[in-house]
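Everything on this sheet refers to the single structure shown next.
The values are calculated or read from the model by the stated rules, or taken from the named source; none is laboratory data. All of these numbers come straight from a predicted model, not from anything done at the bench. Quick reminder, even Gly has a Cβ in these numbers, built from the backbone with ideal geometry, and neighbours come from all protein chains shown. We work out accessible area using only protein heavy atoms, side chains counted, and drop any ligands, DNA or RNA first. Shrake-Rupley method; radii C 1.70, N 1.55, O 1.52, S 1.80 Å.
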Amino acid sequence: MRHLISPLDFSVEELDKLLDLANDIENNPDKYAEACKRKKLATCFYEPSTRTRLSFEAAMLNLGGSVLGFAGADSSSAAKGESVSDTIRVISSYADICAIRHPKEGAALVAASKSDIPVINAGDGGHQHPTQTLTDLLTIRSLKGRLDNITIGLCGDLKFGRTVHSLIHALVRYENVKFVLISPEELRVPEYIREDVLKAHGIEYKEVERLEDAIGELDALYMTRVQRERFFNEEDYIRLKDFYVLNKAKMEMAKEDMLVLHPLPRVNEIAVEVDDDPRAVYFKQAQYGVYVRMALILTLLGIEV
Ligand code: NCD
């Protein structure tokens, strides 16, 4: 039985196959409409979510399966003090596959160790968010045609942003990917990412504070929200929340084919005026999230169409 806890749980070859499958689903949705008939997906979300939970549910419904779950710790027995381990043991007998989001780093890994069904990490605290990474990879590969030979800028809250951590882990495995890490000093990527992931793989990267200084050299710009819920005090959040605002003027400094990605939700970091720019692909990215989660569910359930 396989789980998806970290983006490294799939090899590059397996990822390629998964992304191919997602593209085939995009182009031939009817072919997959009954693939998960009588299968159930449980979504156990102990933290807020719109896209991740609903795209998982849409994915399972598109495959002809059904969904059950809860959308907040308060509405589950976690509010009574039940452990994640006990919850997953029980859910294993109700569903065929489970997506879990939890504020604690490592919660999905613990769940997987106690589970009789495949567990998907839908975000564990400030640690990892591998299905967002699958979404990001599918978006870049589909719209740029490649995952190698790109310079990608990651901008915003690189400290607490789990989507950034997972994406870096995944992208260092492709040839000639260069990173420009754009953040205020206080929100730089954690040291373990710099040392154990970037430096350990001999990856070319630089850290800059001003978006204007870097935007011109990027093939893709990945904007992120300042992760308010992970701050220890509100004053720091308020001081940093509007550090970056991508607007039309900054887009003029970018390459004509630079993609703008964002895992969403957006707060202020991308001005609404950018939405009409053909390079702004974040809403398309959310759509790709459904295809890739369909591909993931099929893969983890071992269903071939
Ligand atoms: C992200 C998350 O939950 O980490 N959202 C998402 O899943 N698309 C990004 C965020 O909340 O900023």
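Rounded to whole numbers, the Karplus 3J(HN,Hα) couplings from phi for the range 290-299 are 6, 4, 6, 6, 4, 4, 5, 4, 4, 5 Hz, using 6.51 cos²θ - 1.76 cosθ + 1.60 with θ = phi - 60°, and x at Gly and Pro. With both residues required to sit in the chain, DSSP beta bridges show an antiparallel share near 5%.
Taking only alpha carbon atoms, the range 4-79 gives an Rg to Rh ratio of 1.04, where Rh is the Kirkwood radius. Taking 1.306 mPa s as the viscosity and 10 °C as the temperature, the Stokes-Einstein diffusion coefficient of the range 130-285 based on its alpha-carbon Kirkwood radius rounds to 102 µm²/s. 3J(HN,Hα) along the range 13-27, derived from phi through the Karplus expression 6.51 cos²θ - 1.76 cosθ + 1.60 where θ = phi - 60°, amounts to 5, 5, 5, 4, 4, 5, 5, 4, 4, 4, 5, 5, 4, 4, 7 Hz, with x in place of Gly and Pro.
Sequence-distant contacts, meaning Cα pairs under 8 Å at least 6 residues apart, place the relative contact order of the range 98-212 at 21 percent.
Full extension of the segment from Arg210 to Arg38, taken as 0.36 nm per residue of separation minus the current Cα-Cα distance, would add 56.8 nm. Quick one: check the C-alpha center-to-center distance for the range 28-98 versus the range 252-305, whole angstrom. Measuring centre to centre over Cα atoms gives 22 Å. Restricting the calculation to Cα atoms, the range 181-236 shows an Rg/Rh of 1.00 when the hydrodynamic-style radius is the Kirkwood one. Using 1/(1 + (r/R0)^6) with R0 = 25 angstrom and r between the beta carbons of Tyr237 and Glu105, what's the FRET efficiency to the nearest 0.05? Efficiency computed from Cβ-Cβ geometry: 0.80. If each of Tyr192 and Asp275 carries a label point 7 Å out from its Cα toward its Cβ, how far apart are those two points in nm? My value for the distance between the label points is 3.7 nm.
On the basis of the beta-carbon distance and an R0 of 22 Å, Val305 and Asp16 show a calculated FRET efficiency of 0.80. Pairwise inverse Cα distances across the chain, averaged and inverted, put the Kirkwood hydrodynamic radius at 19.7 Å. Structural descriptor for the chain: relative contact order 20 percent, calculated from alpha carbon pairs under 8 angstrom and at least 6 residues apart. Greater than 29 Å separation of Cα atoms is the criterion. Which listed pairs, Lys104/Lys199; Lys17/Lys206; Lys144/Lys199; Lys17/Lys248; Lys199/Lys284, meet it? Violating the 29 Å Cα-Cα cut-off are Lys17/Lys206; Lys17/Lys248; Lys199/Lys284. Distant-in-sequence amide contacts of Gly153, defined by a placed amide H-H separation under 5 Å and a gap of 5 or more residues or a different chain, comprise Val180, Asp219, Ala220, Leu221, Tyr222. The simple Förster model, with R0 at 41 Å and r as the Cβ-Cβ distance, assigns Glu256 and Lys80 a FRET efficiency of 0.15. The slack between Asp116 and Thr50, meaning 0.36 nm per residue of separation minus the straight C-alpha distance, is 21.1 nm. The local environment of Pro48, defined by Cβ-Cβ distances under 10 Å, has a net charge of 0 under the rule Lys, Arg +1 and Asp, Glu -1. The HN-Hα couplings worked out from phi for the range 194-199 by the Karplus form 6.51 cos²θ - 1.76 cosθ + 1.60 (θ = phi - 60°) are 4, 7, 7, 10, 6, 5 Hz, whole numbers, x standing for Gly and Pro.
Summed over the residues of the chain and divided among them, the accessible surface reaches 44 Å² per residue at a probe radius of 1.4 Å. Local charge for Glu269 was computed over the other residues whose Cβ lies under 10 Å away, with Lys and Arg +1 and Asp and Glu -1, and equals +1. Based on Cα contacts under 8 Å between residues 6+ apart, the range 91-148 shows a relative contact order of 29 percent.
Counting protein heavy atoms only, the chain has 47 percent of its accessible area on carbon and sulfur, 1.4 angstrom probe.
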